[in-house]
1. Mind telling me which of the residues Val19, Val60, Val28 ends up being touching a residue at least 12 places away in the same chain (Cβ under 8 Å) and touching a Ser or Thr at 6+ places or on another chain (Cβ under 8 Å)?
2. Going by the conditions given, is Val17 touching a helix residue (DSSP H, G or I) at 6+ places or on another chain (Cβ under 6 Å), among the hydrophobic types (A, V, I, L, M, F, W, C) and either outside any loop (DSSP other than H, G, I, E, B) or modelled with pLDDT of 80 or more (or both)?
3. Cβ-Cβ below 6 Å, separation at least six or inter-chain, first residue in the stretch 39-54 and closer than 13 Å to Leu29 by Cα, second among the small types (Gly, Ala, Ser) and at pLDDT below 90: which pairs?
4. Could you list all residues from the stretch 38-50 that are surrounded by 12 or more Cβ atoms within 10 Å (Cβ to Cβ), out of contact with any Cys (no Cβ under 6 Å at 6 or more places or on another chain) and over 13 Å from Val21 (Cα atoms)?
5. For the stretch 28-48, which positions are more than 19 Å from Val60 (Cα to Cα) and out of contact with any strand residue (DSSP E or B) (no Cβ under 7 Å at 6 or more places or on another chain)?
Amino acid sequence: MNLLGFKREVVEHADCVAVVVLDEQNNVLLVRQFRHATGKFLLEVPAGGIEPEEEPIDCVRRDSKNHKLLRKIRTVMALVPGII
């Protein structure tokens, strides 16, 4: 605790990237992912971990190689580390 009596929590986690995939009709691709915290399956945008020293856009390209429908990949937004 600090002098004011407040406790600070720090959450550390590995870098990751999330992707919003749009089709020709602007439908968003979602994946169904089980989350233990809720005990339920949730719909989410595809996401994954970034390897050390890897740029986020390179991670997306690496992970999307198996998805031949993905053609145009570009960065539209980046967030700084934090809890949102």
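1. Val19
2. yes
3. If the second residue must be among the small types (Gly, Ala, Ser) and at pLDDT below 90, the pairs left are Val45/Ala18; Ala47/Ala18.
4. Leu42, Gly48
5. Correct list: His36, Ala37, Thr38, Gly39, Lys40.
The values are calculated or read from the model by the stated rules, or taken from the named source; none is laboratory data. Not measured: the values here are computed from a predicted model. As a convention, Cβ positions derive from the backbone with ideal geometry for all residues, glycine included, and neighbour counts pool all protein chains shown.
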